[in-house]
Amino acid sequence: MTGPAGRLAAVFIDSKLTPLIAIAAVLAGTLAIVRLPREEEPQIKVPMIDVFAGMPGASPREVEQRLTKPMERLLWEIPGVEYIYSTSMPGQSLAIVRFFTGIDEDEAIVRLNQKLAGNFDLIPPGGTPPLVKRRSIDDVPVLALTLHSSRHSPFELRRVAAEIEDGIRQVTDVSAVAILGGESRRILVTLDEMKLAGHGIESLRVLQALEAGNRRQHAGRVPRGNREFVVESGVFPRDAADVGAVVVGAAAGRPIHLRDIAAVEDGAGEPSQYVFHMEKSGSEAAVTLAISKRRGANAISVADAVLRKVELMRSSVAPAGVSIAVTRNYGETAAEKSNELLKHMGIAVISVGLLIALALGARAAGIVLIAIPVTLALTLLVFWLYGYTLNRITLFALIFSIGILVDDAIVVVENIARHARLPANLGRPLMPVAIEAVDEVGNPTILATLTVIAAILPMAFVGGLMGPYMRPIPVGGHGRHDLLAACRLCGDTLGRRAHVEERWRARG
């Protein structure tokens, strides 16, 4: 009586669907390789949210007792919170809320915002509403461009970097661009105490005048004919002259401008960060652009698109003497490592094929070399559909699966070759012999594969930070026993029987 393996072999051994299924699997795997995002490490979803709250003038102890501890009790009520790290500073409180690994980031921040918004009435007198900022692994820059020059100042380099930043933000899948180093533009107002006292103006009044002068307001509408003219008052200051023209008071019927009581300077501000570019000839002042990608985007394609955009802008934005160096390219390193692992996986497949060719012959080796890529292509398709990326963990799962697949294929091929050499089968039709050979070892092979699946399947349920590292292994490692490929091996290996029969006839 034929078992499940034999019946399945009888269906697919000479079916026209078998090569079509193999071709479709290879095409689907090729599409998955092209579309799969590549990175060095799997992206772990650990939602972390910063909550800032202020209480100006309060001491750290007052902030802790009146602001931090009540806020912590509210945050612990949110489902899914694993840890809360809080810091109390003079006039300010910071709480870092960390959720359990795997919780959706959008859902986590919605829960936190709803909890805080529903308890604004508990904010103590003098406290400010909390500011919520989400932190993610996608905030880590995938590309860093450093602008350096020996002829231009850090102030000029930062202005060039700001123009390049505007162009980079237009690139698809770029989530954030940060400028590090350099000197930002600052208009410095230095009040003269003697002139303030002479005009009877207080410094607070000057501050209020500057705030009022740095805005544009709607002043009304004037209808005329079939048109309506919108009237706006005020203008945004553009340089030191505009700031110095701000009216801060009046005396004897004439206005008092800011330039009458203060010195106004337009220039570079105090740097808060220092960046230097080191070379053999020495160091140069530099400014770095740190580019981050959106969640789920391919680091390689984002980095390449940004570099192409910068190259197009270089001649029109960067002046002569400014060099742009790529000091970090996460996409390049991810592509290099993933391609290297794919190359070694190919070497492993070829090595296995050569070993089988020495033991069982070239035809059996060719069959195995066809079966392995077909099955790995289906695995890559599963990775793409599950939303995984091509990283060292998923590639390790593929390499791990080669051993299981090769074991199954060798057992099936060797048993068919053995049955084809038996003297009792020389006069029988070819198809029944192959089906009997598959049926003989097919069921134990399936059972052995199920045993391997049962052994590594618990890794799919590992929680915590190790979950994203363990889960791709059972997804890519189990189920590598492809009966359709094994059945195709049956049909292709039958071609060896003619050679076996000739050898038996030659022996008489």
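The values are calculated or read from the model by the stated rules, or taken from the named source; none is laboratory data. This one's a predicted model, so the numbers in the text were calculated from it and none came from an experiment. In this analysis, Cβ positions are derived from the backbone assuming ideal geometry, glycine residues included, and neighbour counts consider all displayed protein chains.
On inspection, Ser88 qualifies as of a type in the set (Ser, Thr, Tyr), within 33 Å of the chain's Cα centre (by Cα), surrounded by 15 or more Cβ atoms within 10 Å (Cβ to Cβ) and more than 30 Å from Arg392 (Cα to Cα). In the list Leu369, Leu354, Leu341, Leu376, which residue meets the criterion of being in the same structural domain as Asp407 (by TED's automatic domain parsing), of a type in the set (A, V, I, L, M, F, W, C) and touching a residue at least 60 places away in the same chain (Cβ under 8 Å)? It is Leu376.
Answer yes or no: is there a residue in the range 344-357 that is within 21 Å of Pro4 (Cβ to Cβ) and touching a helix residue (DSSP H, G or I) at 6+ places or on another chain (Cβ under 9 Å). Within the range 344-357, not a single residue is within 21 Å of Pro4 (Cβ to Cβ) and touching a helix residue (DSSP H, G or I) at 6+ places or on another chain (Cβ under 9 Å). I'd like the full set of residues that are surrounded by fewer than 16 Cβ atoms within 10 Å (Cβ to Cβ) and in a helix (DSSP H, G or I), limited to the range 170-198. Result: Glu193, Met194, Lys195, Ala197, Gly198. All of (1) without any contact (Cβ under 8 Å) to a residue 12 or more places away in the chain; (2) outside any helix (DSSP H, G or I) hold for Glu82 with one exception: (1). Of all the numbered requirements in (1) at pLDDT 90 or above; (2) more than 30 Å from Ala297 (Cβ to Cβ); (3) not polar (S, T, N, Q), Gly57 misses one, and that requirement is (1). Taking Ala219, is it over 21 Å from Gly267 (Cα atoms), among the aliphatic types (A, V, I, L, M) and part of a helix (DSSP H, G or I)? It is false that Ala219 is over 21 Å from Gly267 (Cα atoms), among the aliphatic types (A, V, I, L, M) and part of a helix (DSSP H, G or I).
Checked against the criterion of being at pLDDT 85 or above and of a type outside the set (A, V, I, L, M), the candidates His218, His257 yield just one match: His257. Is it true that Val63 is of a type in the set (Val, Ile, Thr) and surrounded by fewer than 20 Cβ atoms within 10 Å (Cβ to Cβ)? Taking the combined requirement at face value, the residue does not satisfy it.
Set side by side, the residues Ala144, Ala117 differ, and just one is at pLDDT 85 or above and either under 19 Å from the mean Cα position of the chain (by Cα) or in the same structural domain as Met470 (by TED's automatic domain parsing) (or both), which is Ala144. Just one of (1) of a type in the set (A, V, I, L, M); (2) assigned to a strand (DSSP E or B); (3) under 30 Å from Leu196 (Cβ atoms) fails for Val235. It is (2). The set of residues in the range 298-334 that are at pLDDT below 85 and crowded, with 21+ Cβ neighbours inside 10 Å comprises Asn298, Ala299, Ile300, Tyr330, Gly331, Ala334.
Would you check if there is a residue in the range 201-218 being surrounded by fewer than 17 Cβ atoms within 10 Å (Cβ to Cβ) and touching a residue at least 24 places away in the same chain (Cβ under 8 Å)? Checked against the condition, which is being surrounded by fewer than 17 Cβ atoms within 10 Å (Cβ to Cβ) and touching a residue at least 24 places away in the same chain (Cβ under 8 Å), the range 201-218 yields at least one hit.
Conditions (1) under 21 Å from Leu360 (Cα atoms); (2) buried (at least 16 other Cβ atoms within 10 Å of the Cβ); (3) without any contact (Cβ under 8 Å) to a residue 40 or more places away in the chain, marked per residue:
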{"residue": "Val412", "(1), (2), (3)": "yes, yes, no"}
{"residue": "Asn415", "(1), (2), (3)": "yes, yes, yes"}
{"residue": "Pro423", "(1), (2), (3)": "yes, no, no"}
{"residue": "Leu426", "(1), (2), (3)": "yes, no, no"}
{"residue": "Pro432", "(1), (2), (3)": "no, no, yes"}
{"residue": "Ile435", "(1), (2), (3)": "yes, yes, no"}
{"residue": "Thr449", "(1), (2), (3)": "no, yes, no"}
{"residue": "Ala455", "(1), (2), (3)": "no, no, yes"}
{"residue": "Val462", "(1), (2), (3)": "no, no, yes"}
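The numbered conditions (1) surrounded by 15 or more Cβ atoms within 10 Å (Cβ to Cβ); (2) in the same structural domain as Phe383 (by TED's automatic domain parsing); (3) under 35 Å from the mean Cα position of the chain (by Cα); (4) not β-branched (Val, Ile, Thr) are all true for Leu75 except (2).
Thr288 fulfils the conditions (1) more than 28 Å from Ile410 (Cα to Cα); (2) more than 20 Å from the chain's Cα centre (by Cα); (3) surrounded by fewer than 20 Cβ atoms within 10 Å (Cβ to Cβ); (4) not aliphatic (A, V, I, L, M) except for a single criterion, (3).
Would you list the strands (runs of 3 or more DSSP E) that sit entirely within the range 92-169 and hold 3 or more residues that are crowded, with 20+ Cβ neighbours inside 10 Å? The strands (runs of 3 or more DSSP E) meeting that bar are 92-99, 143-148.
If you go through the range 289-311 and keep only what is out of contact with any Asp or Glu (no Cβ under 7 Å at 6 or more places or on another chain) and touching a residue at least 40 places away in the same chain (Cβ under 8 Å), you end up with Ala290, Ile291, Gly296, Asn298, Ile300, Ser301, Ala305, Val306, Leu307, Lys309, Val310. If you check Gly442, Gly467 for being small (Gly, Ala, Ser) and within 30 Å of Ile44 (Cβ to Cβ), only one passes: Gly467. Taken across the range 461-473, residues that are within 28 Å of Ala397 (Cβ to Cβ), at pLDDT below 80 and of a type in the set (D, E, K, R) do occur, with at least one present.
Total residues in the range 1-54 satisfying the condition of being among the aromatic types (Phe, Trp, Tyr) and either surrounded by 16 or more Cβ atoms within 10 Å (Cβ to Cβ) or at pLDDT below 80 (or both): the figure is 1.
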